[in-house]
Every structure is written in C-alpha cells, then in structure tokens.
Amino acid sequence: SNNNISSGKLEPKVFSSLTNLEVLHLDGNNLENLEDPEIFAENQKLTDLQLSKNQIQTLNSSIFNFNSNLKNLKNLFLNHNNITELDASIFKNLSNIERIWLHDNPDLNHLDKEIFKNNKMSPLTRFL
C-alpha cells in the first residue's frame, strides 16, 4: 500500500514468483491501467486483491479471467479509482467472489446486466 507505484513500473508477470500469495495490497498508488492479462496468472491462492485509491481507468477484460487463475478470490477492491467502463465478462471466472467494491468511480455510470452472472454474490453485496 501507498508505495507510489506507477503503471509503467508493473512489469508483466511481476507477481509470478509469489505463488503462495493470498493477500495483495496495491492500494494508494498511482496505477492508471492494468493492461497485462497475465499479471496475476500465477497467484491462484489470492483471496483478497486491493486495488483501491489509485488512478485506474482501464482494466484488461481478461485480467481476472486468465486461465481461471483467480478462482479463490473472495474480495476485490476497485473503489476510489477512475474506472469508466467494465467489460461484461470481466468477472465471469470469479466463481467464489463474495464482494466487489466499485464505489467512488465517478465516471462509471453503467454496468452490463450480465456482469455478475457467473458468481455467487448476493444482489446486496454486488454494489458495495
């Protein structure tokens, strides 16, 4: 958290050697875009991913779906960013997700009705 990391400093597969990683806090940095679909490819034990309080505008539509890599993810924090849109399939392989925080993305005005189709979240926890 709060390391002043910028998007250009996150190399492809930067977390690939951390195969036992369960919690990753990247909140409070200057991340703008997460375009590499394989950035979390080897982090299959990840349960909590904190990406809030950045400047994220763009997320690769496959970032959470690459080879069903984040099947254990339960909590995803995307709040307090600059996300403008999310692909309808971005969360499709997050089958065990319990909560996704999306609040305080001022330009995120629309979510496709299919965006939460394949996960177990109750309707009340989808819009935290």
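The values are calculated or read from the model by the stated rules, or taken from the named source; none is laboratory data. These figures come from a predicted structure and were not determined experimentally. Areas reflect the complete protein model, heavy atoms only, side chains present, ligands, DNA and RNA absent. Shrake-Rupley method; radii C 1.70, N 1.55, O 1.52, S 1.80 Å.
Accessible area per residue, 1.4 Å probe, Å², for the chain: what's the number? Don't skip to the end; give the middle numbers.
Details: 6780 Å² over 128 residues.
Computed with neighbouring chains in place, this is 53 Å² per residue.
Over the chain, what is the relative contact order in whole percent, taking alpha-carbon pairs under 8 Å and six or more residues apart?
On the way: 327 pairs, mean separation 25.0, N = 128.
Value for the chain: 20 percent.
Classify the chain from the C-alpha gyration tensor, please: rounded if a/c falls under 1.5, else prolate or oblate depending on whether a/b exceeds b/c. All intermediate terms of the calculation are to be shown ahead of the outcome.
Details: a/c = 1.56, a/b = 1.13, b/c = 1.38.
Oblate, since a/c reaches 1.5 and b/c is not below a/b.
Within straight cross-link reach of K13, meaning Cα distance under 26 Å, which lysines are found once same-chain residues fewer than 8 apart are removed?
K45, K53, K71, K74, K92
For the chain, which whole-number percentage of the solvent-accessible area (1.4 Å probe, protein heavy atoms only) is attributable to carbon and sulfur atoms? All intermediate terms of the calculation are to be shown ahead of the outcome.
On the way: 2960 of 6780 Å².
Ligands and nucleic acids excluded, carbon and sulfur give 44 percent.
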